[in-house]
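Here's the structure we're looking at; comments come further down.
Taken together, the values in this text are just the output of simple stated rules run on the coordinates, not laboratory data. Every value quoted in this text rests on a predicted model; they were computed, and no experiment measured them. Note that each Cβ is placed from the backbone with ideal geometry, even for glycine, and that neighbours are counted across all protein chains shown.
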Amino acid sequence: MEILVCIKGVPDLEENEIEIKSDGTDIVRDDLVYSINEWDNYAVEEAISITEDKGGSVTVVTVESDEEKADEVLRREMAMGSQQGILVTDAAYGKGIASVLKAVSEKGSYDLILTGAQADGGEAQVGGMLAAMLDRPYASLVNMIEVIDDGKLKIGREIEGGDQEVSEIDLPCVLSIQTGINEPRYVSLRGIRKVSSVEIPEYRASDLGLSADEIGIDASKVKRVDYFVPDLGEGAEMIEGSMEEKVNKVIELLKSKGGMS
Amino acid sequence: MTPIAGPASYKLFGFIPTIIFSQLIPIIGVALFGYIIWKRFAPLLKAAPDNRFENIPERIKNLFNIWLAQSRQPRYMLAGVLHIIIFFGFLVLSIRSTSLVVIGFADGFVLPGLGGVLGDIYNFSKDYAATAVFFACLVAAVRRGVFKPARYAVPEKYGHDHTSEAVFVLALIMTLMLSESLFEAAAHAGGEGGFLPPLSLVWIFAAMLHNASPGTLQGLHIFSYFIHDLTFFFFLCFLPLGKHFHVITSIFNVFFMRITRGNIKPVKHGISDEALDDLDSFGVKKLEDFTWKHLLDFYTCADCGRCSDQCPANAVGRPLSPRFISIKGRDFIFKNYPLRGESNPDQPVMGTIYENDEIWSCTTCGACEQECPLGIEYIDKIVDLRRGLVDEGEVPQTLQKPLKALEKRGNPWGKMEKKRADWAIKDEAFKAECEVKVLEKGVEAETLYFVDSISSYDERMNSIARSTAKILKAAGVDFGILGKQEKDSGNEVLRFGEEFLYQDLKTQNIDAIVESGVKEIVTADPHALNALKNDYKLDLPVKHISQVISREIAYNKVQLKPVEDSEKIYTYHDPCYLGRHNGIYDNPREAIDAIPGLKRVEMDKHGDRSFCCGGGGLMLFYEPEEEVRMGVLRVKMAHDAGANVIITACPFCMVNIEDAIKVAGFEGEMEAIDFSELIANHIK
């Protein structure tokens with residue numbers, strides 16, 4: 001099975017302290033380190049396990065204007081076991097990202113396209129948009145995949161209340177992957193070094209027959225207006241102090257409100 | 001009276017010369033033994049290289065202490081003394097056994113030099129040696145077979161009980177002792193005469209045979225000779241088939257045992273760090289990826305169970321028992337390199353004999369290696385197996401995030417590099433009391449205080465960093481820190497098998513240290529001490545803060561005020577990476593005892609038998625299967641010793657012990673304090 005996995009480098013909350021820029025247009029990006037989006041990492045692991053089991057290969061693609069950042073996430077996922085990487089070096093926004101991915105997927109012949117359920121933006125739109133543009137069946141938040149045969153998958157989705165929904169879906173299709181679907185393997189520094197000189201084909205949007213105004217910020221149907229930290233609402237209380245003081249205060253509050261005996 | 005005929009001249013039924021047997025038995029025995037040893041050699045020849053020929057004087061010293069003088073045996077008093085008796089008995093009796101074989105071809109043979117007085121002395125000693133070995137084996141057999149000490153038990157998952165093999169071998173040895181004595185006693189009673197040492201086995205037998213007929217004596221003489229001969233060669237060939245292989249291999253294993261401490265073996269001996277990129281595979285994945293010394297370790301394990309008895313992971317019910325790392329390894333060699341039939345090389349060890357959780361369970365505390373009377377190593381094997389797992393991507397999920405954070409930010413919590421010195425420069429009250437230089441932009445100092453990640457970033461452990469700085473100030477040391485240039489020392493990164501990440505951290509740290517121009521390094525974190533001292537191999541001296549301050553106290557340059565609460569009973573917990581791995585046991589105790597009025601007790605397990613509190617570095621992130629926390633057991637040990645304050649000298653011990661005091665239900669009753677904190681609080 002030929003699988004395309006769409007991936008993205010994001011500022012990992014584990015390794016960064018996120019602050020909002022004073023003008024409210026973005027987060028402060030100086031001194032940030034980028035990692036593979038967690039959902040995408042699960043998607044890549046799932047794709048690799050499927051091909052290890054059923055044969056075929058995995059291609060990872062990222063759309064990213066910062067080549068260094070893109071190279072790092074691509075190589076990490078290639079060290080994990082993806083055979084090919086594709087880099088599209090353009091800044092794409094909103095629907096533009098899905099447009100680029102559609103064009104990339106049409107350059108190859110993929111039975112299955114995986115995306116992470118969502119990335120740092122939190123919109124969770126790309127998978128659905130891509131499926132619609134490609135006119136392929138789509139399922140979101142997939143937490144289980146079983147290959148039935150060359151033309152069909154059995155998939156599981158977690159639905160409200162923690163219940164599981166199981167469906168069959170025809171190939172080729174697009175799936176957005178939920179975390180927890182598997183246990184992603186570790187990528188060692190040695191693994192990354194081993195793929196450090198593998199050629200990664202690079203495209204510009206124009207190489208894919210797309211113009212800048214189809215993918216750029218102006219093409220996006222949704223515009224970001226503001227970023228802000230919510231004001232302290234009524235009844236909310238910020239607990240200050242050292243970790244120990246905070247913990248003690250929380251325990252005290254829980255006890256006093258009857259939440260803990 | 002016709003004298004008793006020896007096996008070289010006796011004729012069975014009057015016409016079969018027994019010399020045929022006394023010649024055939026050794027020939028067959030030696031040939032078979034040679035064949036078995038050759039077969040046992042095969043995997044060693046295919047194993048990974050290992051450099052064990054350096055520092056021969058030190059190796060000879062080990063041979064004298066650990067092999068010949070059996071210095072580690074009395075750590076388990078009864079078993080140790082029994083072993084020493086049997087060991088020395090064997091050494092003495094090896095001469096007698098050799099001459100007995102020759103007596104089979106030549107009646108009355110005496111080894112050159114043992115004809116005169118020397119011979120008398122020898123005979124006197126060997127008769128008592130045989131007697132002592134016999135009774136030691138008897139006691140050992142009763143102990144193994146009847147009393148069954150717990151440490152010999154074989155948990156179900158590791159296969160069948162080993163008692164029968166142990167008792168069988170003891171029976172073989174006793175047979176050797178009895179037959180040798182009977183052989184001589186029969187000749188003596190038959191008129192050979194000579195002095196027999198009173199109350200020795202031979203003396204007892206001779207007394208019993210006093211009235212026996214010449215025919216009986218002749219029969220017993222020949223019978224006991226061949227019982228001895230057969231048992232001797234059977235035993236010889238039986239040795240390499242099980243745990244008694246150590247009788248042959250121990251001398252080599254002790255000679256080749258590790259002579260450095262604290263460090264980890266290179267990925268592959270003979271391959272420089274720069275050439276690591278060219279290796280196809282990392283670590284141990286198949287049996288032959290172990291070094292030849294590590295395979296020799298497997299052969300040598302005597303199954304005595306001391307390692308596992310001391311192992312904290314085993315004590316808390318983690319799926320690791322070092323003894324079975326060896327036993328399973330040995331059985332796997334035996335299975336894949338059989339004495340008969342084709343060998344079956346290149347078999348994977350993970351998933352066949354070892355499980356992932358087993359290999360991740362080790363805290364690398366070193367208690368097993370400290371105890372092993374045969375110089376068997378475990379840490380390097382565990383690290384090599386982890387290198388193999390890391391290479392295959394099989395790292396527990398809980399460890400992946402801290403490893404990635406170490407890669408991105410140089411600390412396992414993913415904290416910002418620029419905040420590494422905040423403990424020193426952001427706390428105004430502390431700054432006013434103790435200015436700490438950050439060695440950048442031309443700021444210089446004599447001494448580098450290497451803080452390491454946990455003391456730099458963890459709010460609780462910041463206090464250890466500040467206390468250490470205060471001690472250095474009081475000692476008049478011109479010191480500074482690296483600030484954001486400092487990365488995690490990588491002590492656990494290396495020990496968790498992520499070699500390239502460790503190399504990366506090491507390179508960045510060495511560059512920063514060299515750049516800073518310091519002349520020596522001090523740290524309060526034993527894990528950092530260990531990595532910098534034993535793994536980085538810097539040209540600079542690296543010291544623990546306890547070494548610095550104990551010297552200052554000894555020279556009276558720093559004075560300590562009386563203990564605040566003289567009612568408290570203190571105990572000192574030896575951190576593994578300070579004690580066992582670096583031999584620093586006395587300095588912290590000297591400094592603590594210099595506090596006037598401080599009452600200190602020792603826990604039962606202290607010094608080189610200290611019990612690991614749960615491990616540091618990445619071990620803090622690992623979630624093992626276990627019944628109880630190591631720290632909880634440790635806190636209970638302190639409680640049993642009558643202490644209510646546990647002094648540690650390691651920030652990771654502090655994490656584990658402070659948590660464990662709460663978990664064990666001793667909150668309010670017991671407390672933990674770091675060595676640096678205690679000393680800083682008491683500086684005049």
Exercise. Which distance in Å, rounded to a whole number, links the C-alpha centroids of region B:139-208 and region B:273-329?
Worked result: 33 Å
Problem set entry | Helix-only mean residue ellipticity at 222 nm for chain A, each DSSP H run of n ≥ 4 adding -39500 (n - 2.57), per residue, nearest 500 | -9000 deg cm²/dmol
For this session: Check the straight Cα-Cα distances from B:Lys605 and name the lysines below 23 Å, setting aside those fewer than 8 residues away within the same chain.
Result: B:Lys568, B:Lys636, B:Lys662
Seminar exercise, completed: Note on region A:159-208: alpha-carbon gyration tensor, axes a ≥ b ≥ c; rule is a/c under 1.5 for rounded, else prolate if a/b larger than b/c, else oblate; result oblate
Problem set entry | DSSP-defined antiparallel bridges as percent of all bridges, region A:2-215, nearest 5 | 45 percent
Exercise. With helices defined as uninterrupted DSSP H runs, which ones in chain A have an alpha carbon span along their own long axis of at least 20 Å and mean Kyte-Doolittle hydropathy of at least -0.5?
Worked result: none
Problem set entry | Cα-based helix-to-principal-axis angle, B:651-663 vs chain B, degrees rounded to 10 | 80 degrees
Seminar exercise, completed: Most exposed first, judged by fewest Cβ atoms within 10 angstrom, B:Trp67, B:Trp423 run B:Trp67, B:Trp423
Exercise. Listed here are the pairs B:Lys293/B:Lys543; A:Lys54/B:Lys328; A:Lys102/A:Lys152; which of them are more than 27 Å apart at the Cα?
Worked result: B:Lys293/B:Lys543; A:Lys54/B:Lys328
Problem set entry | C-alpha center-to-center spacing [region B:625-640, region B:42-120] in angstrom | 41 Å
For this session: Counting only C-alpha contacts under 8 Å and six or more residues apart, can you give the relative contact order of chain B as a whole percent?
Result: 12 percent
For this session: With a cut-off of at most 14 other beta carbons within 10 Å, and DSSP calling the residue loop, which GluC sites (Glu not before Pro) in region B:307-412 qualify? Please list them.
Result: B:Glu342, B:Glu355
For this session: Kindly provide the helix-only [θ] at 222 nm of chain B, computed as the sum of -39,500 (n - 2.57) over DSSP H runs of four or more divided by all residues, to the nearest 500 deg cm²/dmol?
Result: -15000 deg cm²/dmol
Problem set entry | Among A:Gly209, A:Gly191, A:Gly235: highest mean-square fluctuation, GNM of chain A, C-alpha pairs under 10 Å | A:Gly235
Seminar exercise, completed: Output for region B:151-219: chymotrypsin sites (Phe, Trp or Tyr not before Pro) sitting in coil per DSSP, at most 15 other Cβ within 10 Å, listed by number, reads B:Phe195
Exercise. Taking a ≥ b ≥ c as the square roots of the eigenvalues of the Cα gyration tensor of region B:27-117, is the shape rounded (a/c under 1.5), prolate (a/b larger than b/c) or oblate?
Worked result: oblate
Problem set entry | Those chymotrypsin sites (Phe, Trp or Tyr not before Pro) in region B:555-640 that DSSP places in a loop and that have at most 12 other beta carbons within 10 Å | B:Tyr555
Exercise. Among the aspartates and glutamates, which have Cα under 13 Å from the Cα of B:Lys431 when same-chain residues fewer than 8 positions away are ignored?
Worked result: B:Asp422
Seminar exercise, completed: So for region B:330-444, using the alpha carbon gyration tensor with a ≥ b ≥ c as root eigenvalues (a/c under 1.5 gives rounded; past that, a/b versus b/c decides prolate or oblate), I'd call it prolate
